[in-house]
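Right, one structure below, let's go through it.
The values are calculated or read from the model by the stated rules, or taken from the named source; none is laboratory data. Everything numeric in this text was worked out from a predicted model, so none of it was measured. Positions of Cβ are backbone-derived with ideal geometry, glycine not excepted, and every protein chain shown enters the neighbour counts.
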Amino acid sequence: MERIDFTINIGLVGNSDVGKTCLIRKYTDPQNFKLPSKKISTIGVDQVVLKLKINDYLARIIIWDPAGQERFQSMTNSFYKGLDGVLLVFDVTNEGTFQNLTKWLNQINEIKPCPYFIMGNKADLSHERMIEEGDIQKLEKAFNSKCFLTSAFTGENVDEAFNTLINVVAPQKIAELGG
């Protein structure tokens, strides 16, 4: 059995149907990923676990996928407490999901502030895009965070978003080990 040096808990947070589950699957199993033929909503909280070598350490990365529906809010609030980092996800073709980012960030910050980045998913659907580049730049400034325009379908910026967050969190975890 391999010795795990530390664990990083990452949560994808945002409205239902923004593609959180697809982004996780694209990141963790890109060769076998296929977009589902119909929308399947997460019930409660799901998770995917993988191992990554970071410097000379073996890290367990747990990626949490909470339901975006309001009815699961009390359940997902308790999971925020264990997060080390968050990817706030919105759908570039749905303005409501973009407007709700402040709500999601406020919920997280009330429970446990942690590093975060923003993912504007479904960037491949440029013909349906509702969120313009200027809006994204304003968001980055207001949230003091980078926004990755991603596509679970094409894989655009998916690895970059996850890896950037992991690389922000990992040094703190390594420091806690005395490394």
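Quick notes
- Qualifying residue in region 138-159 (condition: within 22 Å of Tyr27 (Cα to Cα), within 16 Å of the chain's Cα centre (by Cα) and part of a helix (DSSP H, G or I)): yes
- Hits in region 87-125 - residues which are assigned to a strand (DSSP E or B), free of Cβ contacts under 8 Å to residues at least 60 places away in the same chain and not aliphatic (A, V, I, L, M): Tyr116, Phe117, Gly120
- Answer from Glu132, Glu160, Glu128 - the residue that is among the acidic types (Asp, Glu), farther than 15 Å from Ile10 by Cβ, surrounded by fewer than 19 Cβ atoms within 10 Å (Cβ to Cβ) and in contact (Cβ under 8 Å) with a residue 12 or more places away in the chain: Glu128
- Verdict on Tyr80 being hydroxyl-bearing (Ser, Thr, Tyr) and at pLDDT 90 or above: no
- Any chance Phe143 is surrounded by fewer than 18 Cβ atoms within 10 Å (Cβ to Cβ) and either in contact with a strand residue (DSSP E or B) (Cβ under 8 Å, 6 or more places away or on another chain) or among the aliphatic types (A, V, I, L, M) (or both): yes
- Across region 38-45, not a single residue is classified as at pLDDT below 85, part of a loop (DSSP other than H, G, I, E, B), surrounded by 11 or more Cβ atoms within 10 Å (Cβ to Cβ) and out of contact with any helix residue (DSSP H, G or I) (no Cβ under 9 Å at 6 or more places or on another chain).
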